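Working notes, structure below.
The values are calculated or read from the model by the stated rules, or taken from the named source; none is laboratory data. For clarity, every value in this text was computed on a predicted model and none was experimentally measured. For neighbour counting, all protein chains shown are included, and Cβ atoms are generated from backbone atoms with ideal geometry for every residue, glycine included. Please note that ligands, DNA and RNA were not included when accessible areas were found on the heavy atoms of the full protein model with its side chains. Shrake-Rupley method; radii C 1.70, N 1.55, O 1.52, S 1.80 Å.
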Amino acid sequence: MGNSHRRKPNDRARQVVTTIIGIVIGFFIGISIPSSSLNKINIPSNIITSLDVAITDIHGSTSTSPKTESLENVGSTTVPKIHVPTNPRGAESLPPGIVVPESDLYLRRLWGDPNEDLQKKPKYLVTFTVGIDQRNNIDAAVKKFSEDFMIMLFHYDGHTSEWDQFEWSKRAIHVSVRKQTKWWYAKRFLHPNVVSAFEYIFIWDEDLGVEHFRGDKYIELVKKHGLEISQPGLEPNNGLTWEMTKRRGDREVHMDTEEKPGWCNDPHLPPCAAFVEIMAPVFSREAWRCVWHLIQNDLVHGWGLDFALRRCVEPAHEKIGVVDSQWIVHQVIPSLGSQGQSEDGKAPWEGVRARCKNEWAEFQARLTNADKAYLAQFGKEW
């Protein structure tokens, strides 16, 4: 007992001396190892903290990574003073070479070389505003479009995962906001700078029968006839509203028609020419750049828009037309009407229809007032 008590102070002294020597040796070893060698140390992934990950992202985690600028130079005060008035608004302080004013909807990987992400770039965009009840109809429609077409679904009923039963749905773009219309979606998610990668943009309803339609052939005819705004012909016996959109069986395309007496004061103006309906329009990239600005933010049904589309192409009666040989059937399923709300004892669809009509009148009034205000600047009257 006595001997063990006498050894304890000596043991503690040895431990202190050993610790000090270890620290000194570790210090000299540490400063003797080049910092670049640290990159070669493999650290188990389960002990890397989020801070480690952030640092790894900055410096590169392997010795084969490209040499990057040290953090000392990041945010350097040597950044040149730049002001480029021709840059997009808000980007005047950036060098033009770094400005990317346009985007796209192409899907990207989380790994690999960005330049190798896209093995194929779809050239056309097809959008449908959908509810889950019409999934089989949409499945049939999507199959009419080749891999050159990207599919985008706007879900007004909140159901998205249910569409995974279709293989193509896993490659589609899905946007889900309840109880909204396709023009609400188009205004918010199809900005011209976002869809600029696509030559043509289809903005279609969900209740269209496509047995007699093929996407590739349709594009071929649109290009052949120089149509900037178009739609497939409509089967005369189903959901037909205007003579202009009625399919003609003796031609590929038509651009004018005859309507009821008194409806067309000018044969080059709607509804006898320069006119397609809003149920299944197709826009060229350049036409859409104009049409997007024409869509009103708060007028979500788009009624009246079809009569104004002619303002976006010139001459409209030659560049707006109906493709007869690729035709569709309007099934007239009032699915969006059921998304309304019953008020004053009226059915939900009645409130939706009333708003549609009111929006048409409001849109026409806004357009007329805008014309008057513009002409007034030059001392002219409408």
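According to the Kirkwood relation over distinct C-alpha pairs, the hydrodynamic radius of the stretch 208-349 is 16.0 Å. Each listed q (0.14 Å⁻¹) maps to a log10 I(q)/I(0) for the stretch 111-210 from the Debye sum over equal C-alpha point scatterers, namely -0.54.
Using a Förster distance of 41 angstrom, determine the FRET efficiency expected from the C-beta separation of residue 354 and residue 106, and round it to 0.05.
0.50
Would you mind checking the pairs 187/223; 121/143; 143/217 and listing those with alpha carbons more than 20 angstrom apart? Over 20 Å apart, Cα to Cα: 187/223.
Residues whose amide H lies under 5 Å from that of residue 330, counting only those 5 or more places away or on a different chain, are 209, 235; hydrogens are built 1.01 Å from N in the peptide plane.
I need to check one value: relative contact order of the stretch 258-382, counting alpha carbon pairs closer than 8 Å and at least 6 residues apart, in percent. Rounded, it is 23 percent for the stretch 258-382. Note that the stretch 83-90 has calculated 3J(HN,Hα) couplings of 8, 10, x, 7, 5, x, 4, x Hz, one per residue in order, obtained from phi through the Karplus relation 6.51 cos²θ - 1.76 cosθ + 1.60 (θ = phi - 60°); glycine and proline are x. Directionally averaged projected area (the stretch 78-169, Cα convex hull): 9.7 nm².
Residues 242, 111 ordered from highest to lowest accessible area at a 1.4 Å probe: 111, 242. Accessible area per residue was computed with a 1.4 Å probe on protein heavy atoms; residue 317 scores about 50 Å².
Across all directions, the average projected area of the convex hull around the alpha carbons of the stretch 244-322 is 5.8 nm².
Reachable aspartates and glutamates from residue 319, Cα under 13 Å, same-chain residues fewer than 8 places away excluded? Candidates past the 8-residue exclusion: 228, 256, 286. When you filter the GluC sites (Glu not before Pro) in the stretch 148-233 for DSSP loop state and at most 11 other Cβ atoms inside 10 Å of their Cβ, you are left with 211.
Sparsely packed loop sites in the stretch 199-293 (the trypsin sites (Lys or Arg not before Pro) outside DSSP H, G, I, E and B with at most 15 other Cβ atoms within 10 Å) comprise 214, 248, 251. Put simply, the C-alpha atoms of the stretch 157-201 give a gyration tensor, and the ellipsoid matching it has half-axes of 21, 16, 7 Å, longest first. Here residue 106 sits with roughly 30 square angstrom of accessible surface, probe radius 1.4 Å.
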